[in-house]
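Structure, as structure tokens:
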Amino acid sequence: MIQSILSWTMKKRIHQIELFIQYPIDVQEDVFQKLIETASGTEWGKKYHYHEIRTVKQFQERVPLSTYEEIFPYINKVIKGEQNILWPSKIEWFSKSSGTTNARSKYIPVSAESLSDCHFKAGKDLLSLYFNNFPERNLFAGKMIPIGGTVQINPENPNSYFGDISGIIMQNMPFWARWTNSISLKTALMDDWDEKIESIIKEAIHTDVSTLGGVPTWTIVLLQRILDYTGKSNILEVWPNLEVLFHGAVAFEPYREQFQILIPSDKMNYQETYSASEGLFGIQDEPNNDSMLLMLDYGIFYEFIPMEYWRRENPKTLTLEEVEINKNYALVISTNAGLWRYVIGDTVKFTSLSPYRIKITGRTKHFINAFGEEVIIEHTDKAITYACKETGALLNDYTVAPIYLSDMAGSHEWLIEFKIQPNDLDKFTYYLDKKLRAINSDYDAKRFKNIVLSFPKINLAPQDFFYKWLENNNKLGGQSKVPRLSNNREYLDLLLKQL
């Protein structure tokens, strides 16, 4: 009965997805108008006279772009218990961004509408798109393991809560989703990461698990711990019907080979999502295309800042119909939780305009441009994946920063933790540099005859180095991750001192 109901629901949703693919601009216009109308009576809406706004152009002229720091005074009011500030419905949940450092966390309001119309809808869409691509599969014959974060009572307002977005979703999960989980809610929301892993293993190893959901780096940690606990040689010996990992937060490609070793099956599927504390924006809708469909009917209105305008005081923003393929844009969102023209900090590029498909290329603050080389995370992920493949290495994690020299060429300094080290570190560095030069003409130009940039410097980190660093900074689990690129040496120097 449940299987047939879910099947009907999924087919209906595929039809709705096809409609927003066919009429993307109209759908976004409808989202925009509904957001403005709904929030017109809030403190923010009154300040910017939302009741007078009729067009996106008026909205862009009247409402400023906002970073977290700029919108925080309004968010802080909501944290302390005030309502109808940014969004009219009651805000009881705040997504605490895990971030990449020990800097102050961000607290993003999560409304009932954003939970139902974005996060839960996205969960159903993941399954709908998966079954649309693999109609012969019987995914619900097995259970799912979601690898997420935690939630806590807000110390400034005991009537509200904060936590990792995955923890908030699990705490509010509808019955149909809880029915599919192989672990208890108590285990899923445990604070202590090592205790959580142990509990997941004990609850799940004797269950028929068909689905995993989580960040690739933390999923690998779980799977390796399961093999250590059970003594099995691969995960299929524990869960023979495992068939899909829904993943996000970090690029998957550098870890693909590790997953193929852990789960040696050509029937295993990997489906990417673009999920953040602020919402879920994209889902991989084609199995052989690593781009993600931009989800246009989740109560989120999108704008895009061309990166050539990024450092200007009032950068130009584009709407969906104005974007181009293969250009980098900073993502700007207005949401059904009260974020208005919010600069989320991610950069994306469009790989297709019909339908609108995107790839995450990096972070606005995580890049290296110390010498005009314009290196972004997409470039370093591709380069290190290539170098690993050419030298038999397997990656755990990495970070990169510039070396500034006053009387000679500068360079890039890498700190890399390998699961399996390359058979020749010099060849690894050569391939790394070669791939970066091939995919980034600016980097290649600066590397010409070592005039501006010399050969990269590689430092090796011991096993579990980044894990311990994250643990020491209370960043285990959830969407926590290592800062991969920095235009200064703050993180790298701190890490090198701990080697």
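Where a number appears in this text, it was derived from the coordinates with a stated rule and is not lab data. What you see is a predicted model, and the numbers here were worked out from it, not measured in a lab. Don't worry about glycine lacking a Cβ; one is built from the backbone with ideal geometry, like all the others, and counts go over all protein chains shown.
A few points about this structure:
- Rounded to the nearest 0.05, the FRET efficiency derived from the C-beta distance between D194 and F455 at R0 = 51 Å is 0.80.
- Counting only DSSP beta bridges with both residues in segment 1-362, the antiparallel share comes to about 65 percent.
- Were the residues from N133 through Q463 laid out at 0.36 nm apart, the gain over their Cα-Cα distance would be 115.0 nm.
- 25 Å Cα-Cα threshold exceeded, pairs from K365/K446; K57/K121; K349/K382; K34/K80; K124/K419: K57/K121; K34/K80; K124/K419
- Cα lying deepest toward the dipole's positive end in segment 381-499, options L395, A445, I458, charges on Cβ: A445
- Additional length obtainable on full extension of the chain from S233 to L19, 0.36 nm per residue less Cα span: 72.5 nm
- Each label was represented as a point 7 Å from its Cα along the Cα-to-Cβ direction; for K57 and R311 these points are 3.1 nm apart.
- 3J(HN,Hα) along segment 253-264, derived from phi through the Karplus expression 6.51 cos²θ - 1.76 cosθ + 1.60 where θ = phi - 60°, amounts to 4, x, 10, 4, 5, 4, 5, 5, 6, 5, 10, x Hz, with x in place of Gly and Pro.
- Per-residue ³J(HN,Hα) for segment 36-44, Karplus 6.51 cos²θ - 1.76 cosθ + 1.60, θ = phi - 60°, Hz, x for Gly and Pro: 5, 5, 5, 9, 5, x, 7, 4, 5
- Whole-number D in µm²/s for the chain (Stokes-Einstein; Kirkwood sum over Cα pairs; 10 °C, 1.306 mPa s): 67
- From phi via Karplus (6.51, -1.76, 1.60), per-residue ³J(HN,Hα) for segment 139-144 in Hz, x at Gly/Pro: 4, 6, 5, x, 10, 10
- In this calculation the C-beta distance from N76 to T207 is compared with R0 = 56 Å, giving a FRET efficiency of 0.85.
- Close amide H partners of W93, meaning residues 5 or more places away or on another chain with modelled amide H under 5 Å apart, are V110, Y161.
- For the pair segment 131-169 and segment 176-213, the centres of their Cα atoms are 11 angstrom apart.
- Qualifying aspartates and glutamates (Cα of each under 18 Å from Cα of K497; at least 8 residues distant if same chain): D397, E413, E417, D464, E471
- Which of T380, I36, F134, positive extreme of dipole for the chain (C-beta unit charges): I36
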